[in-house]
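What follows is a single structure, written as structure tokens, with notes after it.
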Amino acid sequence: MPSKPLKAIQPMFQSASSWKIVRGDKVQVMAGRDKGKQGEVLKVIRDERFPRLFVSGVNMVTRHIRGDVDPDSGEKVPGYTVKYEHPIHYSNVMLLDPEKNTPVRVTMKYEDQPPFRKVRMTRGKKASGCIVPWPEAWKKDPYPSTDEGAKDTKPEEAAKVTYNPAADFTMQNMEQHAPQEAWHAEGGKELAGPAVRRASQRRSFPEPSAN
């Protein structure tokens, strides 16, 4: 977690085109306990102030699952452990040079020949100056959607109109006028509600004395 609040951290990227590492790239960890390890980027969390990414086999954490009893069969299920990748900061990794397999910096450029696509080119003293191709997995689906789960609301259910302002307004008017209607129905007698009691007190006039 960041040492400062996220609002106090300046954004690392000003536009969506500034992201040079995408899902499927080969990277090397440059800081932390897994320094020197190489792996494939599994997922990129595009947070402008705290960007993170998941790298295969890097920053592994262990979770212990406690044993339980199966409600269907009644048999006891033993506990087990699960290992999975935890995200690391975007600045702690560097792309690998396709030719030298060394960590290098990259810059965004446009091709000199048609179709003038935007490419990533390695730069620096140890770089080969070649183009880093975009991963096939990212080109097929740059923004993968989340799989629908059992607790997710169906799109057709979410699109249904379940609120009617006109009906709500009518219901509010009925609730406001209900004490007055009940007071008239009871012939002006005192009812249980305090609003009705106040109304009955306002409407009680002394009978004129017979002269």
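The values are calculated or read from the model by the stated rules, or taken from the named source; none is laboratory data. What you see is a predicted model, and the numbers here were worked out from it, not measured in a lab. Note that we place each Cβ from the backbone using ideal geometry, even for glycine, and neighbour counts take in every protein chain shown.
The condition (being at pLDDT below 90 and closer than 25 Å to SER18 by Cα) is satisfied by just one residue among PRO114, PRO87, PRO103: PRO114. Scanning segment 83-117 for residues that are among the aromatic types (Phe, Trp, Tyr) and more than 18 Å from VAL132 (Cβ to Cβ) yields one hit, TYR84. Against the list (1) surrounded by 14 or more Cβ atoms within 10 Å (Cβ to Cβ); (2) in contact with an Asp or Glu (Cβ under 8 Å, 6 or more places away or on another chain), the condition VAL69 fails is (1).
Taken across segment 109-124, residues that are part of a strand (DSSP E or B) and touching a residue at least 60 places away in the same chain (Cβ under 8 Å) do occur, with at least one present. A single entry from ILE88, ILE65 fulfils the requirement of being in contact (Cβ under 8 Å) with a residue 40 or more places away in the chain and either over 22 Å from LYS118 (Cβ atoms) or of a type in the set (Phe, Trp, Tyr) (or both): ILE88. Per the conditions (1) of a type outside the set (Phe, Trp, Tyr); (2) assigned to a loop (DSSP other than H, G, I, E, B); (3) surrounded by 10 or more Cβ atoms within 10 Å (Cβ to Cβ); (4) modelled with pLDDT of 70 or more, the sole criterion not satisfied by LYS139 is (2).
Scanning segment 79-108 for residues that are acidic (Asp, Glu) and not in a strand (DSSP E or B) yields a count of 2. For segment 64-78, a residue qualifies if it is within 31 Å of the chain's Cα centre (by Cα) and either within 17 Å of ASP25 (Cβ to Cβ) or in a loop (DSSP other than H, G, I, E, B) (or both), and the qualifying residues are ARG66, GLY67.
Annotation note: Cβ proximity below 9 Å between a residue of segment 158-175 that is on the phi > 0 side of the Ramachandran plot and among the aromatic types (Phe, Trp, Tyr) and a residue that is modelled with pLDDT of 65 or more and surrounded by 10 or more Cβ atoms within 10 Å (Cβ to Cβ) (sequence gap 6+ or interchain) occurs for no pair. For ALA150, the requirement of being more than 30 Å from the chain's Cα centre (by Cα), part of a loop (DSSP other than H, G, I, E, B) and among the aliphatic types (A, V, I, L, M) is not met.
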